[in-house]
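Read the structure below first, then the notes.
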Amino acid sequence: MLGRMPNAGDPAPEVDLPAADGGRWRLSDHRGRPVVLIFHRHLA
Amino acid sequence: MRDRLDELGDAAVALVTFAPVRLLRGYRGRLGLPYPVLSDEERVVYRAYGLGRGPWWRVWGWSTVRAYGRLLRRGRRLRRVEGDTLQLGGDVVVGRDGRLVYVHRSTGPADRPPVEDLVAAVSRA
């Protein structure tokens, strides 16, 4: 179920996910620099 | 995107998938990706950014057929698809202040923004 969708100007929802290198990646760790998030559809 | 990373300045880039972590090591190495690949298996982050599932007729419609046709004509080999093919993707730029600068929610498989749009958004961030 999707809630209200965030749009430009809104606070970015936190991202806290496991990474392929075994570590963990958090959006909040990158505050102060731009961040590009690319959401894939599926692995192909 | 990979070819234009130098245009993104100090921006961080991350690829989000819903594949299990155990599948990602091979994927990142196979594609030679220079940025982190993240696993959102439960799609919590997908939903938080408003990225849901598309209807089958849009995901597997003529625009998708044409897009795969172009890939095949360029000599690309199509691989077996893994995972939920109806999950839609998207591209997001977050500014230095933690606010969204740019949001593109794909309406179908062939719907991705030009890299120029992402580069421009990063320059505004």
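The values are calculated or read from the model by the stated rules, or taken from the named source; none is laboratory data. Everything quoted here is computed from the prediction, not taken from an experiment. Don't worry about glycine lacking a Cβ; one is built from the backbone with ideal geometry, like all the others, and counts go over all protein chains shown.
Among the residues that make up region B:30-37, is at least one of them surrounded by 13 or more Cβ atoms within 10 Å (Cβ to Cβ), in contact with a Ser or Thr (Cβ under 9 Å, 6 or more places away or on another chain) and not in a loop (DSSP other than H, G, I, E, B)? Within region B:30-37, one or more residues are surrounded by 13 or more Cβ atoms within 10 Å (Cβ to Cβ), in contact with a Ser or Thr (Cβ under 9 Å, 6 or more places away or on another chain) and not in a loop (DSSP other than H, G, I, E, B). A count restricted to region A:1-20 and to residues that are more than 7 Å from chain B (Cβ to nearest Cβ) and either within 13 Å of B:Leu100 (Cβ to Cβ) or among the charged types (D, E, K, R) (or both) stands at 3. Select from region B:79-125 the residues that are among the basic types (Lys, Arg) and not in a loop (DSSP other than H, G, I, E, B) and write down the one among them that is surrounded by the fewest Cβ atoms within 10 Å (Cβ to Cβ). Checking each candidate, the answer is B:Arg124. For region A:15-41, a tally of residues being part of a loop (DSSP other than H, G, I, E, B), touching a strand residue (DSSP E or B) at 6+ places or on another chain (Cβ under 8 Å) and within 21 Å of B:Leu118 (Cβ to Cβ) returns 5. For beta carbons closer than 8 Å, sequence separation of 6+ or different chains, a first residue in region B:81-107 that is farther than 25 Å from B:Leu8 by Cα and within 7 Å of chain A (Cβ to nearest Cβ) and a second that is part of a strand (DSSP E or B) and not hydroxyl-bearing (Ser, Thr, Tyr), the qualifying pairs are B:Val81/A:Leu43; B:Glu82/A:Leu43; B:Gly83/A:Leu43; B:Asp84/B:Arg53; B:Gln87/B:Arg53.
For B:Ala67, state whether it is small (Gly, Ala, Ser), in a helix (DSSP H, G or I) and within 25 Å of A:Trp25 (Cβ to Cβ). No. Restricting to region B:1-23, give me the number of residues that are touching a residue at least 40 places away in the same chain (Cβ under 8 Å) and among the acidic types (Asp, Glu). Looking only at that region, the number is 1. Within region B:41-57, can you find the residues that are part of a loop (DSSP other than H, G, I, E, B), under 20 Å from A:Val15 (Cβ atoms) and more than 7 Å from every other protein chain (Cβ to nearest Cβ)? Across region B:41-57, the qualifying residues are B:Glu41, B:Glu42, B:Arg43. If you go through region B:45-67 and keep only what is modelled with pLDDT of 80 or more and within 16 Å of the chain's Cα centre (by Cα), you end up with B:Val45, B:Tyr46, B:Arg47, B:Ala48, B:Tyr49, B:Gly50, B:Leu51, B:Gly52, B:Arg53, B:Gly54.
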